[in-house]
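The values are calculated or read from the model by the stated rules, or taken from the named source; none is laboratory data. Predicted model, so just to flag it, every value in this text is computed and none were measured. Cβ coordinates were reconstructed from backbone atoms using ideal geometry, including for glycine residues, and neighbour counts include every protein chain displayed. All accessible areas refer to the heavy atoms of the entire protein, side chains included, with ligands and DNA or RNA removed. Shrake-Rupley method; radii C 1.70, N 1.55, O 1.52, S 1.80 Å.
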Amino acid sequence: MSLASRALRRRTVRQPPLFGWRGLVVYTSLLILMGAALYMIFIYAPAERVQGDAHRLLYGHVAVAWLAFLAFGIVALASVMYLWRRNPRWDSLAVASAEVGVLFTTLTLASGSIWGRHVWGVWWTWDPRLTTTLVLWFIYVAYLALRMYIDNVDTRRRVAAIFGIVGVVDVPIVWYSVEWWRSLHPVQSVTRAGLTLEMVLTLVVTVVAFTVFCFVLIRQRYLLERASDEGEGLRDIVRNRHDELRLAGAGSAPEAGE
Amino acid sequence: MTQELVFLFIGYAVIWVLLFGYLVFVTGRIRGVRDAVRDMRQELDAQRRQPSE
Amino acid sequence: MNSVATRPTPLATGEPDTESPALTLSRLSVGFGRRSVLREVSLSLNSGERVALLGPNGAGKTTLLRTLATLQPPLSGQARVGGTDLVGSKRVARRHIGFVGHTPHLIGHLTARENLAFLTSLYGVANADSRVTEALEVVGLADLADRRARELSRGQLQRLSLAAAALHHPAVLLLDEPDASLDRDGVRALPAMLDALCPGSAVLLSTHDPEVAAQVAGRRAVVDRGRVVQADQPMPNPAIGKAPSSGTATSFFGAAWTLLRKDALVEWRAREQAPALLAFALLITVLFDMAFVILAAADAPAVAAGVAWSTLLLVASLSGVRLFGSERDANTLTCLRLAPIDQSAVFVAKYVVLVAHVLVVGLVQLALLSALLDLQLFQGGMLATLGLVTIALSAVTAMQSALALQSRAREMLMPLLAVPLAIPVMLAGVGATLETLQGAPAGGAAPWLGLLAVVAAVFLALSVLLYPHAVDG
């Protein structure tokens with residue numbers, strides 16, 4: 001019974017930022033940043049010498065790609081922390097980052113593919129960057145699948161944490177293997193032209209805007225995970241109470257002390 | 001020129017739609033789960049009051 | 001038996017507190033996840049005491065005993081064996097605990113004697129041979145010592161389980177419904193067997209039969225409605241026999257070697273994996289060769305490289321998931337988790353067996369491909385590549401098998417987990433093969449071989465570091 005009362009005394013789920021004044025600040029600044037990024041991408045930044053207007057897609061592409069890698073870095077970090085401290089909050093952060101990371105990786109692959117079709121003339125090429133991103137996508141889709149298939153909550157957290165760490169460690173290995181392998185099958189490489197100051201500024205603003213967006217997403221997903229965790233716990237307690245009541249109904253109920 | 005703009009439009013549209021769609025989806029789910037948690041809490045409180053009476 | 005001593009003698013190792021009872025439970029709650037089955041149990045057993053947990057089915061007796069056997073973590077509260085905390089220093093505590101569960105944790109393909117000998121090595125029991133013989137005689141299985149465990153009857157297995165659990169003379173012996181599969185004579189003989197096997201050990205047994213409780217135990221604790229509702233007072237002067245003396249710690253490589261010998265022996269007797277794997281590899285290779293028949297005429301080395309290593313990846317995943325899975329299916333993983341060894345040793349032993357499997361299949365496959373593609377594949381460079389691919393591939397798949405094992409759908413999940421991580425191994429294998437077969441200048445394959453070695457080292461290090469987290473809460 002002390003178990004139940006302890007859980008009851010725990011604070012309720014905090015308001016997600018969409019509803020409080022903090023939410024107002026976050027979302028207003030997010031909109032302003034995104035608007036600024038859009039303006040700079042489409043109007044402020046000059047056309048590029050070789051690619052013309054197509055390069056404008058790269059601002060968003062670079063931003064989501066960097067955030068995908070960042071999100072997976074957070075997964076690894078949170079996984080290590082979970083195995084060390086065994087605090088479920090770290091696991092919630094890991095799963096939130098993993099899901100957001102998969103989303104951003106999907107965006108990276110999609111935008112890169114669209115750009116590549118236009119500039120290189122192909123939807124896909126086995127460039128180390130592309131290949132590594134694709135492998136990363138596979139690894140973290142597997143991470144999410146693994147979580148789905150483990151029922152025991154403690155086992156799920158432990159096993160997922162291990163896989164989350166292994167996945168990130170594998171990234172540099174994948175990178176080098178693909179880079180060496182490519183020397184066997186040469187492919188077209190990216191044309192590198194000089195960046196003007198306007199381009200750099202545009203890139204910076206876009207990256208900042210998307211980063212804010214990414215952190216908002218991770219936070220929301222984290223809150224969702226915490227809430228469902230709490231729901232799961234309450235469900236267990238409700239079941240416990242049912243058991244106790246059912247048993248207590250039979251006769252001399254051992255009343256819980258402090 | 002126009003073809004390039006179509007590519008750009010498609011590219012950014014994909015990004016925006018997915019990002020905002022995900023945000024709306026997750027935020028909606030939070031509300032749902034929070035409601036469920038509140039209901040369970042009330043049920044639990046009710047149960048707790050009953051046996052002592 | 002002979003009892004002159006008036007107080008428990010210190011346990012063998014790392015026991016700071018000689019005055020403490022053999023087993024102390026203080027406000028211990030056990031259950032699953034956040035759902036408690038038994039709440040705030042406080043109980044204490046002195047050395048030599050035998051306590052029966054009485055209660056109806058589903059009262060939480062098994063959960064309590066499994067928690068005390070360190071198979072699952074308690075929800076709250078504390079349990080100490082001697083002076084050792086059950087959660088904080090699990091490995092030390094395991095040396096002083098013996099556990100007989102509902103289902104026997106014995107290895108079916110080993111004989112009764114081999115089963116016990118295997119455990120003496122894991123627990124570091126002194127005078128192993130004589131102890132095994134003595135234990136077999138006590139439980140009445142001396143005549144059946146050389147019969148395989150799978151051929152024993154349910155009751156005989158129960159006796160063997162008792163011998164196995166008491167073999168290292170634990171300070172605390174936990175028996176989960178020992179009367180479930182023992183006949184009346186067996187139950188009647190139980191106290192005498194306990195006297196002979198482990199005098200001085202505290203025994204906690206669960207049963208729903210008050211008669212058995214009275215026969216075997218001196219004290220009763222009644223479990224009901226999620227609580228221990230009634231417990232007899234401890235006897236003021238418990239009969240204390242010879243103090244339990246547990247074995248010495250087993251080294252990491254000692255444990256790994258013991259496990260490896262066991263795995264090799266079991267595989268040799270069961271012949272479970274090798275024939276199926278070979279047939280599978282044969283089929284896949286032939287299938288690939290048919291599919292790439294036009295390509296093979298133009299560029300045989302490329303086809304050989306692709307076919308060889310992707311087949312080996314499939315073989316390694318299958319073999320890996322089976323290697324860990326069979327242990328889980330046969331319930332023997334529990335036996336390994338009860339042992340006071342570094343759990344990573346279990347991983348290392350499985351890994352070595354996996355390498356052996358994959359290597360054998362790989363050699364057969366090279367021969368087959370040599371014939372099908374008319375290539376000379378048995379040359380230094382190719383053999384070196386095969387060796388390193390095997391080592392690296394096994395490292396990746398063994399680790400993922402250990403993870404997939406914890407899930408509901410391990411066979412389905414396995415390729416999802418292992419294939420993305422194995423991509424570098426595939427690329428390096430193909431790269432090294434092409435360099436070797438296309439007659440590149442000497443040393444052209446060296447970077448690829450280096451990459452394979454790096455993958456193997458990284459995954460092995462991670463596995464040894466993280467495997468205990470995967471199996472043990």
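Can you go through C:ALA432, C:ALA445, C:ALA428 and tell me which one is surrounded by 19 or more Cβ atoms within 10 Å (Cβ to Cβ) and either within 25 Å of A:VAL141 (Cβ to Cβ) or polar (S, T, N, Q) (or both)?
Result: C:ALA428 is the single residue among C:ALA432, C:ALA445, C:ALA428 that is surrounded by 19 or more Cβ atoms within 10 Å (Cβ to Cβ) and either within 25 Å of A:VAL141 (Cβ to Cβ) or polar (S, T, N, Q) (or both).
In segment A:113-127, what count of residues is obtained for those that are of a type outside the set (Phe, Trp, Tyr), open to solvent by 50 Å² or more (accessible area, probe 1.4 Å) and not in a helix (DSSP H, G or I)?
Here the count works out to 1.
Kindly check whether there is at least one residue in segment A:50-65 that is touching a Phe, Trp or Tyr at 6+ places or on another chain (Cβ under 9 Å), in a helix (DSSP H, G or I) and either away from every other protein chain (no Cβ under 13 Å) or under 20 Å from A:ARG219 (Cβ atoms) (or both).
yes
Applying the selection to segment C:270-297, what residues are closer than 25 Å to C:LEU323 by Cβ, exposed (fewer than 13 other Cβ atoms within 10 Å of the Cβ) and of a type outside the set (Gly, Ala, Ser)?
Within segment C:270-297, C:ARG271, C:PRO275, C:LEU283, C:LEU287 qualify.
Spot the failing condition for A:ILE43; the list is (1) assigned to a helix (DSSP H, G or I); (2) within 25 Å of the chain's Cα centre (by Cα); (3) of a type in the set (A, V, I, L, M, F, W, C), and only one is missed.
So the condition that A:ILE43 fails would be (2).
Looking at this structure, is C:SER407 farther than 30 Å from C:THR67 by Cα and either of a type in the set (S, T, N, Q) or over 21 Å from the mean Cα position of the chain (by Cα) (or both)?
no
Is at least one residue of segment C:342-364 among the acidic types (Asp, Glu), in the same structural domain as C:LEU460 (by TED's automatic domain parsing) and in a helix (DSSP H, G or I)?
no
Can you confirm whether segment B:32-45 contains a residue that is within 19 Å of A:ARG56 (Cβ to Cβ), hydrophobic (A, V, I, L, M, F, W, C), surrounded by fewer than 18 Cβ atoms within 10 Å (Cβ to Cβ) and at the interface with chain A (Cβ under 7 Å from one of its Cβ atoms)?
No, there is no match, as no residue in segment B:32-45 is within 19 Å of A:ARG56 (Cβ to Cβ), hydrophobic (A, V, I, L, M, F, W, C), surrounded by fewer than 18 Cβ atoms within 10 Å (Cβ to Cβ) and at the interface with chain A (Cβ under 7 Å from one of its Cβ atoms).
Here are some residues: A:THR211, A:THR202. Which one is open to solvent by less than 10 Å² (accessible area, probe 1.4 Å) and either over 18 Å from C:LEU38 (Cα atoms) or modelled with pLDDT under 80 (or both)?
Among A:THR211, A:THR202, only A:THR202 is open to solvent by less than 10 Å² (accessible area, probe 1.4 Å) and either over 18 Å from C:LEU38 (Cα atoms) or modelled with pLDDT under 80 (or both).
Tally the residues that are open to solvent by less than 10 Å² (accessible area, probe 1.4 Å) and of a type in the set (S, T, N, Q), restricting the search to segment A:132-153.
Number of matching residues: 1.
I'd like the full set of residues that are closer than 18 Å to C:CYS198 by Cβ, of a type outside the set (Ser, Thr, Tyr) and either touching a Leu at 6+ places or on another chain (Cβ under 7 Å) or touching a residue at least 60 places away in the same chain (Cβ under 8 Å) (or both), limited to segment C:110-133.
C:ASN115, C:LEU116, C:LEU119, C:LEU122, C:GLY124, C:VAL125, C:ALA126, C:ARG131, C:VAL132 - these are the residues of segment C:110-133 that are closer than 18 Å to C:CYS198 by Cβ, of a type outside the set (Ser, Thr, Tyr) and either touching a Leu at 6+ places or on another chain (Cβ under 7 Å) or touching a residue at least 60 places away in the same chain (Cβ under 8 Å) (or both).
So, A:ALA110, is that one within 11 Å of chain B (Cβ to nearest Cβ), open to solvent by 20 Å² or more (accessible area, probe 1.4 Å) and part of a helix (DSSP H, G or I) or not?
It is true that A:ALA110 is within 11 Å of chain B (Cβ to nearest Cβ), open to solvent by 20 Å² or more (accessible area, probe 1.4 Å) and part of a helix (DSSP H, G or I).
In segment C:387-412, what residues are surrounded by fewer than 24 Cβ atoms within 10 Å (Cβ to Cβ) and over 21 Å from C:GLN365 (Cα atoms)?
C:LEU405, C:GLN406, C:SER407, C:ARG408, C:ALA409, C:ARG410, C:GLU411, C:MET412
Restricting to segment C:32-52, give me the number of residues that are on the phi < 0 side of the Ramachandran plot and open to solvent by less than 30 Å² (accessible area, probe 1.4 Å).
So the answer is 10.
Does A:ILE150 fit the bill of being outside any helix (DSSP H, G or I) and closer than 26 Å to C:LEU466 by Cβ?
Yes, satisfied.
Among the residues of segment A:84-99, are any touching a Gly at 6+ places or on another chain (Cβ under 8 Å), more than 26 Å from A:GLY60 (Cβ to Cβ) and at pLDDT below 95?
no
Look at segment B:5-31 and say how many of its residues are farther than 20 Å from A:VAL212 by Cβ, open to solvent by less than 40 Å² (accessible area, probe 1.4 Å) and at the interface with chain A (Cβ under 7 Å from one of its Cβ atoms).
2
Checking the condition farther than 30 Å from C:LEU75 by Cα, touching an Asp or Glu at 6+ places or on another chain (Cβ under 9 Å) and open to solvent by less than 30 Å² (accessible area, probe 1.4 Å), which residue from A:GLY23, A:GLY60, A:GLY101, A:GLY52 passes?
Step by step, each of A:GLY23, A:GLY60, A:GLY101, A:GLY52 is checked, and only A:GLY52 is farther than 30 Å from C:LEU75 by Cα, touching an Asp or Glu at 6+ places or on another chain (Cβ under 9 Å) and open to solvent by less than 30 Å² (accessible area, probe 1.4 Å).
If you scan segment C:283-300, which residues turn out to be in contact (Cβ under 8 Å) with a residue 12 or more places away in the chain and outside any helix (DSSP H, G or I)?
Result: C:PHE292, single match.
I'd like the full set of residues that are among the aliphatic types (A, V, I, L, M), within 29 Å of the chain's Cα centre (by Cα) and open to solvent by less than 10 Å² (accessible area, probe 1.4 Å), limited to segment C:305-319.
Of everything in segment C:305-319, those that are among the aliphatic types (A, V, I, L, M), within 29 Å of the chain's Cα centre (by Cα) and open to solvent by less than 10 Å² (accessible area, probe 1.4 Å) turn out to be C:LEU312, C:VAL315, C:ALA316.
Within segment C:315-336, can one find any residue that is assigned to a helix (DSSP H, G or I), in contact (Cβ under 8 Å) with a residue 40 or more places away in the chain, farther than 17 Å from C:ILE391 by Cα and of a type in the set (A, V, I, L, M)?
yes
Please state which one of C:LEU462, C:LEU417, C:LEU451 is at the interface with chain A (Cβ under 10 Å from one of its Cβ atoms), open to solvent by less than 30 Å² (accessible area, probe 1.4 Å) and without any contact (Cβ under 8 Å) to a residue 24 or more places away in the chain.
Only one candidate qualifies: C:LEU417.
C:GLN215: open to solvent by less than 20 Å² (accessible area, probe 1.4 Å) and either assigned to a helix (DSSP H, G or I) or touching a Cys at 6+ places or on another chain (Cβ under 7 Å) (or both), yes or no?
Considered against the rule, which asks whether it is open to solvent by less than 20 Å² (accessible area, probe 1.4 Å) and either assigned to a helix (DSSP H, G or I) or touching a Cys at 6+ places or on another chain (Cβ under 7 Å) (or both), C:GLN215 comes out as no.
In segment C:27-67, which residues are in a loop (DSSP other than H, G, I, E, B) and closer than 17 Å to C:VAL229 by Cα?
Within segment C:27-67, C:GLY55, C:PRO56, C:ASN57, C:GLY58, C:ALA59, C:GLY60 qualify.
For residues that are among the small types (Gly, Ala, Ser) and buried (at least 21 other Cβ atoms within 10 Å of the Cβ), tally how many sit in segment C:91-120.
Looking only at that region, the number is 4.
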